[in-house]
Each structure stands twice: as C-alpha cells, then as structure tokens.
1. Can you pull out the residues in the stretch 226-236 that are surrounded by 23 or more Cβ atoms within 10 Å (Cβ to Cβ) and either modelled with pLDDT of 95 or more or more than 20 Å from ALA282 (Cβ to Cβ) (or both)?
2. Using the structure shown, decide if ALA161 is assigned to a loop (DSSP other than H, G, I, E, B), of a type in the set (A, V, I, L, M), out of contact with any His (no Cβ under 8 Å at 6 or more places or on another chain) and in contact (Cβ under 8 Å) with a residue 24 or more places away in the chain.
3. When the residues of the stretch 189-203 are filtered to those that are aliphatic (A, V, I, L, M) and modelled with pLDDT under 95, which remaining residue is nearest to VAL261 (Cα to Cα)?
4. Given the options ASN125, ASN150, ASN158, name the one that is at pLDDT 90 or above, polar (S, T, N, Q) and on the phi < 0 side of the Ramachandran plot.
5. Can you name the strands (runs of 3 or more DSSP E) wholly within the stretch 61-135 that have at least 3 residues being under 28 Å from SER196 (Cα atoms)?
6. Checking the conditions here, which among ASP42, ASP49 is in contact with a Phe, Trp or Tyr (Cβ under 8 Å, 6 or more places away or on another chain) and either at pLDDT below 50 or assigned to a strand (DSSP E or B) (or both)?
7. If you go through the stretch 334-383 one residue at a time, how many are in a loop (DSSP other than H, G, I, E, B) and more than 24 Å from the chain's Cα centre (by Cα)?
Amino acid sequence: MKLFRNLKLALGGFLVAGLAACGGGGGGSAAGTGTLNMSLTDAPACGYDAVNVTIQKIRVNQSSSAGDTDAGWSEIVLNPALRVNLLTLTNGVLANLGQTPLPAGKYTQLRLVLADNTGAAPLANSVVPTGGTEVALKTPSGQQTGLKANIDIDIAANKMADFVLDFDACKSVVVAGNSGQYLLKPVVSVIPHYVSGVTGFVGSALLTNGNASVSLQQGGAIVKATSPDSTGKFLLQPVAPGSYSLVLTAPGFTTEVVTNVVVTTDTVTSLNASGTPLNPPASAVGTVKGTAPLDTLVRVLQPLTGGTPVEVAGRFVDGITGAYSYSLAVNAPLVAPFVAMPNSLVFAADTAAAGKYTLDASLSGFADKTATLGALASGATITTNFTFP
C-alpha cells in the first residue's frame with residue numbers, strides 16, 4: 001500500500017496519479033529541442049456503457065509549482081477539441097493526442113484541460129449508465145486551469161519522448177446519491193509508451209455482464225487494467241518491464257491470481273491460449289459496505305498466503321452520501337505461479353485467504369486508514385465506517 005500512496009496526488013477534491021518516466025537527465029533546461037508525443041488510453045469502467053470526455057489541451061512545465069499564468073508552459077492544443085469515449089480505449093487501444101516541440105530538459109508538471117459542459121455542448125463530458133440514458137458528467141470546479149499531475153519526463157535534444165495518459169474511468173466517475181448526477185474525479189497516470197505488456201484469454205462465462213477486469217499489480221497497487229473484449233482476449237499494454245501479479249475479478253466469480261508474471265523489454269508476454277482461458281468457478285458473495293468522508297477512495301485488498309495483497313475493488317465513495325458498497329467473493333482465491341507457454345498454469349486454492357479482506361481508505365491531506373475484516377460469509381454483510389483524522 002505504500003507504493004500506491006507514493007503515486008497519489010490530491011487536488012481540489014479529486015485525485016491524479018503521476019508515474020515517473022524512465023531515462024536520465026537533470027533538472028533545468030538544456031541546449032537543443034526535442035518532441036513530446038502524447039496518447040490516451042483507459043482502464044475498465046464498472047457499470048457504464050460510455051464515459052465521454054472532451055479534451056482541449058495538454059500543458060507541461062519544467063516547474064512543478066508553476067501557476068496557470070506563469071512562464072514556461074508549452075501546450076498540445078487539440079483543435080477541434082477531441083471528444084472520446086474512454087471505454088473504447090481498452091486492450092491496448094490508444095487515441096493520439098498530438099505532439100509539441102519542447103526545449104530539452106526535465107518537465108515536472110502536466111495539466112490536462114477538459115472542455116466545460118455548456119449550453120452549446122451540454123454533453124461535452126458525459127456518462128451512459130448501463131441500461132440508462134446519457135447524462136452530463138460534472139467536472140471539478142476550477143477545471144479551466146487543468147487537472148494537475150506531477151510528472152518526471154526528460155526531453156532530449158533531437159529525440160521524441162512518447163507518453164500515455166491512462167485514464168481510470170471506473171475510479172474517476174462518482175455517483176452523486178439518488179440525484180441522477182455523476183461527478184468526475186479524474187484518476188490519471190502518466191506512463192511511457194512501452195511496447196511491452198501481457199496478453200491472454202478469459203472464459204466466455206465471465207463476459208456476460210461486461211464487468212470482468214484483468215489487472216497487473218505490484219505491491220497491492222494496480223499498474224494497468226483492462227476489460228476483456230467480446231472474444232475473451234485481453235491486452236495489458238503499455239507496461240514497464242518487471243514482475244507483476246495478474247489479477248482476474250468478475251462479479252459472482254472466484255478471484256484468480258497469477259504470480260510473478262514476467263514482462264520483458266519490447267515484448268508482449270502471452271499468458272495462455274484461447275483454448276485454455278482463465279475460467280474461474282462461480283462463487284457465493286457477501287457484502288462489504290460503510291461510509292467515509294466525501295472524496296475518500298476506498299480500496300478492497302485480499303491478502304495472499306506468503307505474498308503481497310492484491311486489489312480486487314476500489315472506487316470513490318458516493319459524492320453526496322459518502323457511502324460505499326462492494327459485493328465480494330467468499331471462495332478462496334485461486335493462485336498459480338507464472339510459467340511460460342506452452343506450459344499450462346496450475347491453480348491451487350489459497351484456503352487461508354477465503355473471504356479475508358482488508359480495506360484501505362485514502363483521503364487527501366491525511367494518512368491512509370486500514371481495516372482488517374473478519375472472514376466474509378455467503379450472504380453476510382460487514383459494515384465499516386471511516387473517519388478522518
């Protein structure tokens with residue numbers, strides 16, 4: 001959980017996560033000019049048929065404390081502004097946002113500027129709840145200056161720095177009680193455009209409700225997530241080379257975890273073939289719910305025997321009531337060590353972890369709070385309320 005806390009930046013009641021770029025170089029400007037290229041991708045959304053945002057510009061500055069009107073800003077301006085359904089940008093799909101020349105040096109602040117919903121464009125930013133109709137998505141107050149993220153991007157002379165904005169639609173869209181309104185609290189990571197990643201397949205039974213999620217995690221924090229496509233195939237890309245836990249969750253199904261998945265430079269690791277998909281059995285469920293102050297992010301972690309915990313759910317609390325509620329599997333998670341194809345993954349039940357969960361509550365300006373829950377039984381409800389400090 002320490003890793004996740006180090007990646008967070010709260011701003012004006014919403015959260016933006018910035019990931020450091022790879023590469024050397026010191027602070028300040030250097031001779032020459034390079035190029036910054038930006039693209040957009042998305043993690044899966046839970047319970048929505050569309051999440052639309054309209055992007056006007058991306059601004060970068062070498063000073064992490066530069067104000068909106070200070071010197072040193074460079075911009076990628078989208079003209080016309082780009083309205084994009086984030087849910088079309090899963091499984092490695094990217095939307096190119098353009099590029100701009102920059103003086104060589106280290107850039108430490110990025111701002112993503114979205115269009116406002118106006119009378120002429122009332123649905124510039126909008127959401128379509130599953131089975132519902134399109135409604136406006138309220139953006140944060142003060143959004144005109146842009147959604148701020150701390151970054152660490154080195155621009156080298158005569159070279160291109162290629163980066164991706166990974167927009168987590170599930171965590172970014174917040175229900176506002178029974179008002180029928182939805183709020184945008186953007187959760188965005190800024191990552192290098194790696195070629196490397198992980199691909200594989202899940203069984204067709206998990207595709208019926210559209211809420212299956214496959215993620216790569218380190219230290220209990222999600223690094224990259226996606227939804228399988230209609231054939232069950234998934235692609236987690238871009239991902240930095242390293243070792244990860246791959247976690248598969250779907251409502252009403254047992255969680256599956258593949259440990260020590262190795263991702264190497266410029267390579268997409270194949271987890272399995274279409275004939276041997278990840279196909280966990282159904283599971284009875286219990287409910288974990290409670291309340292927390294507005295703007296609190298509540299994540300559900302499941303500890304594994306002899307390993308780090310994995311995140312199985314996480315969203316901001318309701319934007320009006322502060323309530324949260326998760327339906328969680330009570331079956332023991334199935335865990336398999338990664339083996340390279342054509343070898344097959346061999347899963348075993350982690351019986352000590354059956355129905356065991358920990359809650360992590362994060363609110364800007366305060367230390368995280370955790371709660372270790374008793375074993376969750378079928379049909380049971382565990383209520384945990386958080387207060388800060």
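The values are calculated or read from the model by the stated rules, or taken from the named source; none is laboratory data. Remember, predicted model here, so these are calculated numbers, not experimental data. Positions of Cβ are generated from backbone atoms using ideal geometry, with glycine treated the same way; all protein chains shown enter the neighbour counts.
1. Selection gives THR226, PHE234, LEU236.
2. Criteria not met by ALA161.
3. Among those that are aliphatic (A, V, I, L, M) and modelled with pLDDT under 95, it is VAL195.
4. ASN125
5. 74-85, 95-114
6. Answer to the check: ASP42.
7. Counting residues in the stretch 334-383 that are in a loop (DSSP other than H, G, I, E, B) and more than 24 Å from the chain's Cα centre (by Cα) gives 20.
Yes/no matrix, rows are residues, columns are (1) modelled with pLDDT of 95 or more; (2) surrounded by 21 or more Cβ atoms within 10 Å (Cβ to Cβ); (3) closer than 17 Å to PHE366 by Cα:
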| site | (1), (2), (3) |
| --- | --- |
| ALA292 | yes, yes, yes |
| VAL300 | yes, yes, no |
| THR308 | no, no, no |
| GLU311 | yes, yes, no |
| GLY322 | yes, no, yes |
